[in-house]
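The structure appears right after this line, and notes come after that.
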Amino acid sequence: MGDAELVEAVLFSKGEPMRVADIVQASGLEEPAVRKALRKLTRSYKTRTTALEVVKIGSKYSMQLRSEYAEETEPVAKKELDHEVLKTAALIAYYQPMRKRQLIDLLGETKAKEHVKQLLAKKLIYENRTNRGFILETTPKFFEFFGLEMTKKEELKQMLAEKAGL
């Protein structure tokens, strides 16, 4: 087994984004070998006809399903968040920093509070107290959870606007 295949196996087995240091520890390879393997895998998956890809998300690497296959596999995919909670996450991501009161006005108090509770539990958003109420913002884990290669909130807002046709 080559270095790239070992790193690929580690990423597949972990099933979530990993730092290079974590891959080094899991594989027993030296850091330069892991970095070389990651570059090779990233390039290789870009040229393959496959439903999977290896991407860098912030400072971590992930093996994930390509976004164009997400809709087709939705009926069989494990649901970590309800569709309505996903919509709430998108609202928060787009309007961040978003006042919790604004979210309550849009969704109603019960729904907004329940959705915020679920998103906080998954560590996808922050809830910061200010002198004007609570402010909601996405966390770095938000980008990892949704498999986004971007790491800046402005890029996220732009992508959401484009997807919504705004």
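Residue check: is LEU103 assigned to a helix (DSSP H, G or I), in contact (Cβ under 8 Å) with a residue 24 or more places away in the chain and closer than 23 Å to GLU53 by Cα?
Details: assigned to a helix (DSSP H, G or I): yes; in contact (Cβ under 8 Å) with a residue 24 or more places away in the chain: yes; closer than 23 Å to GLU53 by Cα: no.
So LEU103 fails the test.
Report, by residue number, each residue of region 84-100 that is assigned to a loop (DSSP other than H, G, I, E, B) and in contact with a His (Cβ under 6 Å, 6 or more places away or on another chain).
Passing the criteria: none in range.
State whether the residues of region 137-152 include one that is at positive phi, outside any helix (DSSP H, G or I), surrounded by 15 or more Cβ atoms within 10 Å (Cβ to Cβ) and of a type outside the set (Asp, Glu).
yes
Among (1) of a type in the set (Asp, Glu); (2) under 18 Å from the mean Cα position of the chain (by Cα); (3) over 26 Å from LEU38 (Cα atoms), there is one condition GLU68 misses while meeting the rest; what is its number?
For GLU68, the exception is condition (3).
Is it the case that TYR126 is assigned to a helix (DSSP H, G or I) and hydroxyl-bearing (Ser, Thr, Tyr)? Please lay out each step first, then the result.
On the way: assigned to a helix (DSSP H, G or I): no; hydroxyl-bearing (Ser, Thr, Tyr): yes.
Answer is no for this residue.
Given the conditions (1) among the basic types (Lys, Arg); (2) under 20 Å from LEU160 (Cα atoms); (3) touching a residue at least 12 places away in the same chain (Cβ under 8 Å); (4) assigned by TED's automatic domain parsing to the domain that holds ASN128, which single one is not true for LYS111?
Going through the list (1) among the basic types (Lys, Arg); (2) under 20 Å from LEU160 (Cα atoms); (3) touching a residue at least 12 places away in the same chain (Cβ under 8 Å); (4) assigned by TED's automatic domain parsing to the domain that holds ASN128, LYS111 breaks only (2).
The values are calculated or read from the model by the stated rules, or taken from the named source; none is laboratory data. Source: prediction; values computed, not measured. Because the Cβ atoms are built from the backbone with ideal geometry, glycine has one as well, and the counts that use them run over all protein chains shown.
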